[in-house]
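*Asks:* This is the structure, below, for whatever I ask next.
Coordinate-derived values only; no laboratory data. Here the structure is a predicted model, which is why all the values come from computation and not from measurement. Please note: Cβ atoms are built from the backbone with ideal geometry, for glycine as well, and neighbour counts cover all protein chains shown.
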Amino acid sequence: MDETQVEERRRPALSPSRAADFKQCPLLYRFRAVDRLPESPSPAALRGTLVHAVLERLFDLPAAERVPQAAKAMLGSVWAEIVAAAPELVAVVPEPAEDEEGAPDRVGAWLRSAEGLLETYFALEDPRTLEPGERELLVETELASGLPLRGYLDRLDVDAAGGLRIVDYKTGTAPRESAESRALFQMKFYALALLELRGRVPEQLRLVYLGQGGEELTYRPEAEELRRFQRILEAIWAAILEADRTGDFRPNRGPGCGWCDHKALCPAWDGTPPPYPGWPELRGEVPTAPFGAAVG
């Protein structure tokens, strides 16, 4: 799940998405986590949200009924719920390709495109044989250093011996080998949070890619490795706190600028950011809210 879907203003914390934002471009982090500027979702991101919701609800069915036809049948009703909550998302749905046949309208064609991702899921995994321990699990904790962590797991499998497996669905294609470390950043974040919360290192981190035929990426973390990773997160958080103190969130011009919604406000593109609002919570000017309501 994308942590930006949670919009209430609360105590700031570090999430996998926001940590990645700050590494990519501190100003992008500010715009998303502090200013909370609106962004237009892409059709691919919206389809990913739809497919994630269907895969979550699939496990509400009795095991024997978790078949491809049942998952595809959920697409329409889940989409209707998404649109009921945010009608403006209908405009994000693209026009069908010229060779698209049999779809009554652009929404119908777009929903059909999601069916392929679900078919790939069933080729990689048989949900009739699984009973996840948790789905869309909010994990949040505060490390001894004071670093607050918060994020959502797509799925947490727990075996009879209490062993943990973190599963994350990706509706894109698997990364090249050189980019696997970036792909695992999010999973190590979750593993560290679970180590803090449950005192146990997950036995496996599993990324399930549903694009272009499907692929899986698995990794077995170790406690010492996760503690080294913790120091990386603490360094990122320290840099965020310093940027908040000075108000200096610098832009980092790069390939990601091509699809950034905030170029008009970015100094790297001759824009002017709005005045820095700051996080009063970080400076102790107002009481902090309890954990559990939003992602910073």
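*Asks:* Per DSSP helix of 4 or more residues, -39500 (n - 2.57); summed, then divided by the residues of the chain. What does that give at 222 nm, rounded to the nearest 500? Let's see the in-between values first.
*Replies:* Details: 7 runs with 109 residues, N = 296.
Calculated from helices alone, the mean residue ellipticity at 222 nm is -12000 deg cm²/dmol.
*Asks:* How many angstrom lie between the Cα centre of the stretch 43-57 and the Cα centre of the stretch 154-208?
*Replies:* 19 Å
*Asks:* Just to confirm a number: summing +1 for Lys and Arg and -1 for Asp and Glu over residues other than T173 whose beta-carbon lies under 15 angstrom from that of T173, what do you get?
*Replies:* -1
*Asks:* What Kirkwood Rh does the chain have if only Cα atoms enter the pairwise 1/r average? Answer in Å.
*Replies:* That comes to 20.8 Å for the chain.
*Asks:* Explain nothing, just the number: relative contact order of the stretch 43-129, from Cα pairs under 8 Å at least 6 residues apart, as a whole percent.
*Replies:* Once divided by the residue count of the stretch 43-129, the mean separation gives 39 percent.
*Asks:* Right, something else. Give me W259, W237, W269 ranked fewest to most by other Cβ atoms within 10 Å of their Cβ, as a rough exposure proxy.
*Replies:* W259, W269, W237
*Asks:* Relative contact order for the stretch 131-250 using alpha-carbon pairs under 8 Å, separation at least 6, rounded to a whole percent?
*Replies:* Averaging sequence separation for qualifying contacts and normalising by length gives 21 percent for the stretch 131-250.
*Asks:* How do F59, F189 line up, fewest other C-beta atoms within 10 Å first?
*Replies:* Neighbour counts put them in this order, fewest first: F59, F189.
*Asks:* Given contacts defined as C-alpha pairs under 8 Å and at least six residues apart, what's the relative contact order of the chain, whole-number percent?
*Replies:* Relative contact order, the chain: 26 percent.
*Asks:* Taking a ≥ b ≥ c as the square roots of the eigenvalues of the Cα gyration tensor of the stretch 29-108, is the shape rounded (a/c under 1.5), prolate (a/b larger than b/c) or oblate?
*Replies:* Details: a/c = 2.51, a/b = 1.30, b/c = 1.93.
Note, shape of the stretch 29-108 comes out oblate.
*Asks:* Among 41-49, 242-250, what's the highest-first ranking by average C-beta atoms within 10 angstrom per residue? Mind dumping the intermediate values first?
*Replies:* Numbers: 41-49: 17.1, 242-250: 13.9.
Taking the mean over residues of other Cβ atoms within 10 Å, the ranking is 41-49, 242-250.
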